[in-house]
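Visitor: Shown below is the structure under consideration.
The values are calculated or read from the model by the stated rules, or taken from the named source; none is laboratory data. If you're wondering where the values come from, they're calculated on a predicted model, not measured in any experiment. Positions of Cβ are generated from backbone atoms using ideal geometry, with glycine treated the same way; all protein chains shown enter the neighbour counts. Just the protein is used for accessible areas: all its heavy atoms, side chains included, with ligands, DNA and RNA removed. Shrake-Rupley method; radii C 1.70, N 1.55, O 1.52, S 1.80 Å.
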Amino acid sequence: MAEPGGFPRRFDQYVLLKPLARGGMGELYLAVSGSRGMEKLCVIKTVLPNLVTVENAKRFRDEAMVVVKLQHGNLVPVFDAGRHENQIYIAMEYVDGKDLLAVWNRCAQRRVPFPIDVAVYIVKELARGLAYAHAFGGLKLVHRDVSPANVLLSYTGEVKLTDFGLARSTLKLQQTAPGIIFGKLSYLAPEQARSEPLDGRTDIYAAGILLWELLTGQQLFPVKAAAPDDEAARRDSTADALARVRDPHVPLPSHVTPRVPPELDAIVLRALAPQPAHRYQTGEELRADLAAFLAATTPQTDAARLASFLRPLFQDIAESERAERDELVRGAGGLLSGSFSAEMAGGAALPAPPAGAPELPKEATSQKPRTIGRRHTDTAPDVGDAPGGRRAAAVTPHGHEATTSGEGHLGQDPRIGTTLGGRYRLERLCGEGAMGRVYEARHVDIGRRLAVKILHSSFRHSAEVVERFRREARAASKIGHPNIVDVTDSGTTPDGAFFFVMEFLDGVDLEKLIQLEGALPVERALLIAAQLCRALQAAHASEIIHRDLKPANVMLVNRKDDDDFVKVLDFGISRNMDLEGSGDDLPGRRGLTRPDVAVGTPVYMSPEQAAGMRADALTDVYAVGGLLYEMLTATPPCTGDDVLTVLNKKATEDPTPIGKLRPELPEEVQRLVMRALSRRPADRQPSMSALKDEILRCIGLRQGAPGHADADPRAAPSAGSRARTSTERTRRVRVRPWALGAGVGCLVGLMAL
């Protein structure tokens, strides 16, 4: 146990592992939450004890109120806020990587110039995040401190803007005092240095400075160094810097270094126009011009390219940091809250619920059976898959069907109205699957809408089911990608049931969308598939194979004007290549993944998976091909009257060529889909990244820009989405939140786990 003030130490529901940084207002700590085996790394930001005045406490609360509303792949999400022992704090996502300042310094140390395409890509992604934040919900948000230290680059190639501590929005309770300048001098816009009104174009200017500096390798507005004890020199240095910022003179980047293409000069100068009216008016305008440049010069520049640039720069550091984090997490195990041991799961006595606590409902009763566009049978396979493996209603251990409707009411549930962990108030039962129930919840401190999934009480003594449930949350938490449902916390209820907390999703799953709309427009299907590839590429980089990708596990949610933003769900039967066969899944037992058991949903299994062979990344490549086939034809690539028929077809027959079902499909799309569905893994695309690149090339060809570097599925709604009428939109079913699944899918074979 650490001494008070030492590390590790408990901090509310978190365990602080080590300090990360100290800023003008707060301290940052690496922290961990959750239960053993379900640890989630995060960053805790606290106000410095000597600054906890009423004014600063309000500013800190303002930050939480603003950023908790923002959910975007290019922004670091804040998922919790609270007070602990008179310290106020926020909890943010931990990004495994470096900030842009550290990358800049590393390049300088190694005399490595910043690649032009990587520099443009970073600022393009930054502009995408700013465009979202500036337009979000009418908040009129301005970051005001876009600088290298606040731009984070993950080792997997993500670009994320952090630290909205200086942000200004209509939500601000404590307005900035007149005449006070916040932000870093070298990255101030002219109007900011003059203490004039600010808007989103102020952040565009700062992004322009970053682009100029990355391209040239120099600082645009350096601040002269002064001795710490020389107050007069520091004042003169600050005054000089402010004067240059207020009346900027910006050399053309191509004149500073000839390696910069002249085409970028116009983009940089427009972003850095002294008058806001002459700049890019939105982040989207800047992003579009940078994307066009990449499309014309280096169309393959994407997150993988950024990751490949960072890898040799930080490979030794990244490995040592990862080992250190693992050691810190292991050392903090005894301090974690919500611990759920294997002994408890295996049948040891559970702690008695506190007096007055509600009893768990035994199971849902008298739910009306339903089908999801398929026939319903009273005798379903092991965990709720209809004949042929198509997903029907999940069946509870007592034989009652569980609805996945976000609108239904599943009887009286005594959990509703209770608060878990002192912060998650359960407000509504959204639905039920084979393994657990999902509730809409509200964070009591910051008001954030969440989803809480609680394991059925009848399973709490089953070590295998508990581990499947925990694995679902652990996998999603480990990957941490915008296109994968985010898991933020986990623990046990007072009566011993395991739970985890997720983001609240508002949308429709892909299975229901296909039922309602039939075959999708080509570009729309390709954009959805590209997002799936991004998500699974990140999963594979974390050495996790999904193995149960099917339409019901793909959620399409509404992000601004794009209602086809993909979220991949249900990692309950995912395979972690680090753990498989190691016996680490459950102490004293062999791993849950067995080479002689076919795991997944038969219709969407790869042939090797159906044969009980080892699953790898190419298994998920096959699944994405199957989803794309079904999106384009409204028919799965393999069907049958029963499970054995489907599995036999997988082994002996190729799918019907997609061109026979939809002859007007472009030939390149037909080739892409059928290659992904090859029975021999070696004949498929060699990786998820390669499949994604083929999909983006097809999108680019359809949009008249070969390669189309910015055919990014997060950028805008697809053509098919835009073409839908308002009537078509209103008939889309809203399922809120979808995180139920049919449990662990269909486990085919000898289930002696």
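Visitor: Return yes or no: is Gly421 more than 26 Å from the chain's Cα centre (by Cα), at pLDDT 50 or above and open to solvent by 20 Å² or more (accessible area, probe 1.4 Å)?
Guide: No.
Visitor: Could I ask something else about it? Could you tell me which of the residues Gln531, Gln515 is within 16 Å of the chain's Cα centre (by Cα) and under 25 Å from Ala634 (Cα atoms)? Lay out the reasoning, then the answer.
Guide: On the way: Gln515 fails: within 16 Å of the chain's Cα centre (by Cα).
Just one listed residue meets the conditions, Gln531.
Visitor: A further question follows. Against the conditions (1) closer than 21 Å to Gly507 by Cβ; (2) at pLDDT 90 or above, where does Gly741 fall short? Just the number, please.
Guide: For Gly741, the failing item is (2).
Visitor: Right, another one. Looking only at segment 669-682, filter to residues that are over 16 Å from Tyr604 (Cβ atoms) and modelled with pLDDT under 95; which one of those is least open to solvent (accessible area, probe 1.4 Å)?
Guide: Ala682
Visitor: Further question: Can you tell me which of (1) surrounded by fewer than 19 Cβ atoms within 10 Å (Cβ to Cβ); (2) touching a helix residue (DSSP H, G or I) at 6+ places or on another chain (Cβ under 7 Å); (3) modelled with pLDDT under 95 is the one Pro358 doesn't meet?
Guide: Result: Pro358 passes all but (2).
Visitor: If you go through segment 85-113, how many residues are basic (Lys, Arg) and either under 17 Å from Lys18 (Cβ atoms) or assigned to a loop (DSSP other than H, G, I, E, B) (or both)?
Guide: Within segment 85-113, the first condition is being basic (Lys, Arg), and the residues that meet it are 98, 106, 110-111.
The next check asks that each one be either under 17 Å from Lys18 (Cβ atoms) or assigned to a loop (DSSP other than H, G, I, E, B) (or both); those that pass are 98, 111.
Of the residues in segment 85-113, 2 are basic (Lys, Arg) and either under 17 Å from Lys18 (Cβ atoms) or assigned to a loop (DSSP other than H, G, I, E, B) (or both).
Visitor: Considering only segment 108-120, state which residues are open to solvent by 10 Å² or more (accessible area, probe 1.4 Å) and in contact with a helix residue (DSSP H, G or I) (Cβ under 8 Å, 6 or more places away or on another chain). Reasoning before the result, please.
Guide: Step one: list which residues in segment 108-120 are open to solvent by 10 Å² or more (accessible area, probe 1.4 Å), which gives 108-117.
Across segment 108-120, the qualifying residues are Arg110, Val112, Pro113, Phe114, Pro115, Ile116, Asp117.
Visitor: Being assigned to a loop (DSSP other than H, G, I, E, B), in contact with a Lys or Arg (Cβ under 9 Å, 6 or more places away or on another chain) and at pLDDT 80 or above, is that true of even one residue in segment 627-638?
Guide: If we filter segment 627-638 for residues that are assigned to a loop (DSSP other than H, G, I, E, B), which is where we start, we get 634-638.
Going one step further and asking which of them are in contact with a Lys or Arg (Cβ under 9 Å, 6 or more places away or on another chain), we end up with 636, 638.
In the following step, the residues that additionally are at pLDDT 80 or above were identified as 636, 638.
Yes, because at least one residue in segment 627-638 is assigned to a loop (DSSP other than H, G, I, E, B), in contact with a Lys or Arg (Cβ under 9 Å, 6 or more places away or on another chain) and at pLDDT 80 or above.
Visitor: Which residues, taken from segment 500-554, are touching a Gly at 6+ places or on another chain (Cβ under 6 Å) and at pLDDT below 90?
Guide: Across segment 500-554, the qualifying residues are Arg547, Asp548.
Visitor: Cβ-Cβ distance below 9 Å, separation of 6 or more or different chains: which pairs start in segment 191-202 with a residue that is more than 12 Å from Gln275 (Cβ to Cβ) and end on one that is aromatic (Phe, Trp, Tyr) and modelled with pLDDT under 90?
Guide: Taking only residues 6 or more apart or on different chains, the pairs are Gln192/Phe182.
Visitor: Could you tell me whether segment 545-555 includes any residue that is surrounded by fewer than 22 Cβ atoms within 10 Å (Cβ to Cβ), of a type in the set (D, E, K, R) and out of contact with any His (no Cβ under 7 Å at 6 or more places or on another chain)?
Guide: Here is the first cut: in segment 545-555, the ones surrounded by fewer than 22 Cβ atoms within 10 Å (Cβ to Cβ) are none.
Among the residues of segment 545-555, not one is surrounded by fewer than 22 Cβ atoms within 10 Å (Cβ to Cβ), of a type in the set (D, E, K, R) and out of contact with any His (no Cβ under 7 Å at 6 or more places or on another chain), which makes the answer no.
Visitor: Let me ask another. How do the pairs read when you match residues in segment 210-221 that are in contact (Cβ under 8 Å) with a residue 40 or more places away in the chain and open to solvent by less than 10 Å² (accessible area, probe 1.4 Å) with residues anywhere that are hydroxyl-bearing (Ser, Thr, Tyr) and not in a helix (DSSP H, G or I), using Cβ under 9 Å and keeping only pairs 6 or more apart or on different chains?
Guide: Qualifying pairs under 9 Å: Leu210/Ser147; Leu215/Thr257.
Visitor: Identify all residues within segment 605-643 that are open to solvent by 20 Å² or more (accessible area, probe 1.4 Å) and either out of contact with any strand residue (DSSP E or B) (no Cβ under 9 Å at 6 or more places or on another chain) or among the β-branched types (Val, Ile, Thr) (or both); write none if there are none.
Guide: The answer is Leu618, Thr633, Ala634, Thr635, Thr639, Gly640, Asp641, Asp642, Val643.
Visitor: Run Asn648 past the list (1) part of a helix (DSSP H, G or I); (2) surrounded by 20 or more Cβ atoms within 10 Å (Cβ to Cβ) and report the number of the one that doesn't hold.
Guide: (2)
Visitor: Ok, one more. Give the residue, chosen from Gly73, Gly97, Gly37, that is open to solvent by less than 50 Å² (accessible area, probe 1.4 Å), at pLDDT below 80, touching a helix residue (DSSP H, G or I) at 6+ places or on another chain (Cβ under 9 Å) and within 30 Å of Glu467 (Cα to Cα).
Guide: Gly37
Visitor: Which of the residues that make up segment 257-284 are open to solvent by 70 Å² or more (accessible area, probe 1.4 Å), acidic (Asp, Glu) and free of Cβ contacts under 8 Å to residues at least 60 places away in the same chain?
Guide: Passing the criteria: only Glu263.
Visitor: Residue pairs, Cβ under 9 Å, 6 or more apart or interchain, first in segment 119-135 and in contact (Cβ under 8 Å) with a residue 40 or more places away in the chain and under 17 Å from Asp265 (Cα atoms), second part of a helix (DSSP H, G or I) and of a type in the set (S, T, N, Q). List them.
Guide: Correct list of pairs: Val120/Thr297.
Visitor: Does Ser574 satisfy the criteria of being at pLDDT below 80, surrounded by 17 or more Cβ atoms within 10 Å (Cβ to Cβ) and among the polar types (S, T, N, Q)? Lay out the reasoning, then the answer.
Guide: Working: at pLDDT below 80: yes; surrounded by 17 or more Cβ atoms within 10 Å (Cβ to Cβ): yes; among the polar types (S, T, N, Q): yes.
Considered against the rule, which asks whether it is at pLDDT below 80, surrounded by 17 or more Cβ atoms within 10 Å (Cβ to Cβ) and among the polar types (S, T, N, Q), Ser574 comes out as yes.
Visitor: In the set Ala131, Ala149, which member is of a type in the set (A, V, I, L, M) and surrounded by fewer than 20 Cβ atoms within 10 Å (Cβ to Cβ)? Please lay out each step first, then the result.
Guide: On the way: Ala131 fails: surrounded by fewer than 20 Cβ atoms within 10 Å (Cβ to Cβ).
Just one listed residue meets the conditions, Ala149.
Visitor: Do you know which of the residues in segment 491-512 that are closer than 25 Å to Arg415 by Cβ and among the charged types (D, E, K, R) is nearest to the chain's Cα centre (by Cα)? Show your work before the answer.
Guide: Quick first cut of segment 491-512, residues closer than 25 Å to Arg415 by Cβ only: 491-507, 509.
Among the residues that remain, those that are also among the charged types (D, E, K, R) are: 495, 503, 506, 509.
On the way: Asp495: 31, Glu503: 10, Asp506: 15, Asp509: 17 Å.
So the residue we want is Glu503.
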